[in-house]
2 protein chains.
Amino acid sequence: MRALTVIPGKANSAAVVEMPEPPASDGPILVRTLAVGVCGTDAEIVSGQYGWPPRGEERLILGHESLGEVEAAPAGSGFSAGDRVVGIVRRPDPVPCIACGIGEWDMCRNGRYTERGIKERHGYASERFRIEPDFLVKLAPGLDALGVLLEPASVVAKAWEHIERIGRRARWEPATVLVTGAGPIGLLAALLGRQRGLDVHVLDRVTEGPKPQLVRNLGGTYHSGPMAGIGIHPDIVVECTGAASLVMDATLQLAADGIVCLAGVSSGGRRISVDVGMLNRDMVLDNNVMFGTVNANLRHYQAAAEALAKADQAWLGRLISRREPLGRWQRALTRQPDDIKVVIDFTL
Amino acid sequence: MRALTVIPGKANSAAVVEMPEPPASDGPILVRTLAVGVCGTDAEIVSGQYGWPPRGEERLILGHESLGEVEAAPAGSGFSAGDRVVGIVRRPDPVPCIACGIGEWDMCRNGRYTERGIKERHGYASERFRIEPDFLVKLAPGLDALGVLLEPASVVAKAWEHIERIGRRARWEPATVLVTGAGPIGLLAALLGRQRGLDVHVLDRVTEGPKPQLVRNLGGTYHSGPMAGIGIHPDIVVECTGAASLVMDATLQLAADGIVCLAGVSSGGRRISVDVGMLNRDMVLDNNVMFGTVNANLRHYQAAAEALAKADQAWLGRLISRREPLGRWQRALTRQPDDIKVVIDFTL
């Protein structure tokens, strides 16, 4: 079968190649791939900066944002042919840590997890994949092709769950959220913020293209320009850019008892001059929290599926700005000005 | 009566002056002051950098770490003459915010709180003070003169409560805590860490004097030198120095799912070059949390009173490195090499 692969650690090694059919050891459920979303992590892997192949192999099949249709599933697995499904990314080690042991593999404490399409496990960017039923999520019927947004939405659902759980340390009724970055993660964070009844603000660099309107259609307020100019002190910041200066500005802008959720992975080597004394003083005197969040567990996929199901489907559809066939994977991985989520569509 | 006062905002204005007897409007309970601890906030106020006088007055009576003996209390107040007591520092605004309204004034959201000895309310560094019963904590009999440690211990009890509450966002069983700074807050944080059964490490600059032995007597490990040399990846860091570079180093050293509690207030204007990109990436991929904490509410004073009561009283006594009479307040406010907690003793 054809698959989009890469030699991890080696730039310019990505290629669509013929790979063996998925082995039975990947799980009893056979899925035909419909679409795979691409994101910053894929770009990092393709550039040779991240990613690990399965043990004993040279190439890694890419793709962790999946959408597929079950081709064959054993009786009693909870799945049957025709189901629309999304595969979960992370797997705990066979000897799980305390978090993995209760299914909170997103919080893995020893780093011995694997990840489909990222770390030591083939991803979903192949014509077919096999998977374990415990790591497969069935989509509500109406969601259809938008199900490819489930994985990024699961990351956002985890971010919101942790904001709420951390917020329970004291009496706190947040009213305002500022999302920095209007990419797919930022827009989904804004969606889940609106679903919680919050006053949603989104800050991004661009002033044109679909992003401002997408935010307004949610009932949110779109801002571009410097953080200090937005005129609010948000209770929550969901930082989705990884831009070093925004992380600091967001914290200084936060209301008392506020929470900054770092949901964007930035590269190292971005050294800036920071008044850490002021940042520290501000966080202490205001009881502020800053936390990082990565990945998602089954609970978050389920929460994300509910969030997507109750969203405006036309609005969600506009998050998918391009669909490229597998043969044009290079175009899919090359950012264009108005891109939000780009998808490799295996049905084209 | 004599009181240690300052004109807030004016350096070198501190003086022991004659002040009116405490007004009935301060509360129905009359307390004779036994001791007042001094801390970095007092030094900041005396240097003119912090603090606000009561409305309509020029001078502020200093002192927020109190210990006193009730002289007179109305029947039914829950207090009676001879009780050893400590006054709570913060008061909510008469129109409370959502946190203050349920007694979590340490999490005040609108900043309209007042604080005895700091912000718009006279402190406890006078021969007598009056207070409301709801803001007074009675000490267990045995604690005696060590009760002056209750206020700093309450700040530490709040820090630990928030570490534990934030930690509940996921399954987490922390084993190791690193405390940075072996001053009174750091040593009390180490004590409460040991009381929780944790492996306690304390990092400070000094290699001599009482601090290393105090840590060892707790069953903890004492370190000096650079953070990277301590050889552990702690689950928890309680940062008590406010030193900018330590805040960053602590976060990079943290284990997955780890929590950095910022409990030291640093000055602004400490600009350093930071790889914020790396810090952000590390916090995201490791699900790390950094939070600031200030002040304490009644629940934390009660937790602190329990913690102090079950501690080794001889060990606690060694935290009070000097006692100076009111007339020598200037000596009390001048740091000497082996100082830990210095107390102005009103009985001398």
Among beta bridges that DSSP assigns inside the range B:1-125, antiparallel share in %, nearest 5: 85
How long, wide and thick is the range A:292-348, going by the Cα atoms along their three principal axes, in whole angstroms, largest first? 34, 28, 25
Quick one: angle between helix A:150-167 and the longest Cα principal axis of chain A, in degrees between 0 and 90, rounded to 10, please. 40
From the Cα centre of the range B:291-315 to that of the range B:84-159, the distance in Å is 13
Looking at chain B as a GNM with Cα springs under 10 Å, which of B:K310, B:K158, B:K211 has the largest mean-square fluctuation? B:K310
Straight-distance crosslink candidates among lysines, where the alpha carbon sits under 17 Å from B:K341 and sequence neighbours closer than 8 are dropped: B:K211
Nearest 10 degrees, 0 to 90: what angle lies between the long axis of helix A:276-285 and the longest principal axis of chain A (Cα atoms)? 80
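Sorted by packing (mean other beta-carbon atoms within 10 Å per residue), highest first, where do A:338-345, A:55-62 land? Could the numbers behind the result be given before it?
On the way: A:338-345: 20.6, A:55-62: 17.6.
So the order, starting with the most tightly packed, is A:338-345, A:55-62.
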Reference-scaled alpha-carbon Rg (2.2 N^0.38 Å with N residues) for the protein assembly as shown: 1.08
Please give the average number of partner chain Cβ atoms lying within 10 Å of the Cβ of each residue in A:92-98, rounded to a whole number. 1
Which distances, shortest first and in nm, link B:G56 to the matching position in the other copies, using label points set 7 Å out along Cα to C-beta? 8.5
Sorted from largest down, give the three principal axis spans of the alpha carbons of chain A, whole angstrom values. 57, 44, 40
Any lysines with Cα under 20 Å of the A:K119 Cα? List them, leaving off those in the same chain fewer than 8 positions away. A:K10
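On average, how much accessible surface per residue is there in chain A, in Å², for a 1.4 Å probe, leaving out ligands, DNA and RNA?
On the way: 12910 Å² over 348 residues.
Per-residue accessible area for chain A comes out at 37 Å².
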Rounded to whole Hz, the Karplus (6.51, -1.76, 1.60) HN-Hα couplings of the range A:311-319, x for glycine and proline: 7, 5, 5, 5, 4, 4, x, 6, 6
Nearest 100 Å² is fine: what is the total accessible surface buried where chains A and B meet, probe 1.4 Å? 5100
Please report the relative contact order for chain A, taking Cα pairs under 8 Å with a sequence separation of at least 6, and give it as a percent rounded to a whole number. 18
Please get the size of the charge dipole for the range B:154-292, origin at its Cα centre, with Cβ charges of +1 on Lys and Arg and -1 on Asp and Glu, quoted in debye to the nearest 20. 300
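For the protein assembly as shown, which whole-number percentage of the solvent-accessible area (1.4 Å probe, protein heavy atoms only) is attributable to carbon and sulfur atoms?
On the way: 12880 of 25800 Å².
After summing per-atom areas, the C and S share lands at 50 percent.
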Pop out a list of residues from the range B:276-316 that are at least 40 Å² less accessible with all the protein chains around than in their chain alone; 1.4 Å probe, no ligands or nucleic acids counted. B:V276, B:G277, B:N280, B:R281, B:M283, B:V284, B:L285, B:N287, B:M290, B:G292, B:V294
Checked against the positive end of the charge dipole of the range A:154-292 (+1 on Cβ of Lys and Arg, -1 on Cβ of Asp and Glu, about the Cα centre), the farthest of A:T241, A:Q253, A:V289 is A:T241
Positive-end residue of B:H122, A:A24, B:I29, charge dipole of the protein assembly as shown with Cβ unit charges: B:H122
Along Cα-to-Cβ, 7 Å out, sits the label point; list in nm, shortest first, how far the one on B:V17 is from those in the other copies. 8.3
Kirkwood Rh, the range B:154-292, all Cα pairs: how many Å? 15.0
Where the label is 7 Å out from Cα toward Cβ, how close does A:Q213 come to the same position in every other copy, in nm, shortest first? 7.6
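What Kirkwood hydrodynamic radius do you get for the range A:279-322 when you take the inverse of the mean 1/r over all pairs of distinct Cα atoms, in Å? If you can, show how the numbers build up before the last one.
On the way: mean 1/r = 0.0720 Å⁻¹.
Hydrodynamic radius (Kirkwood, Cα only) of the range A:279-322 equals 13.9 Å.
The values are calculated or read from the model by the stated rules, or taken from the named source; none is laboratory data. Source: prediction; values computed, not measured. Cβ atoms come from the backbone with ideal geometry, glycine included; neighbour counts cover every protein chain shown. To get the accessible areas, we keep the full protein, side chains included, count just its heavy atoms, and leave off ligands, DNA and RNA. Shrake-Rupley method; radii C 1.70, N 1.55, O 1.52, S 1.80 Å.
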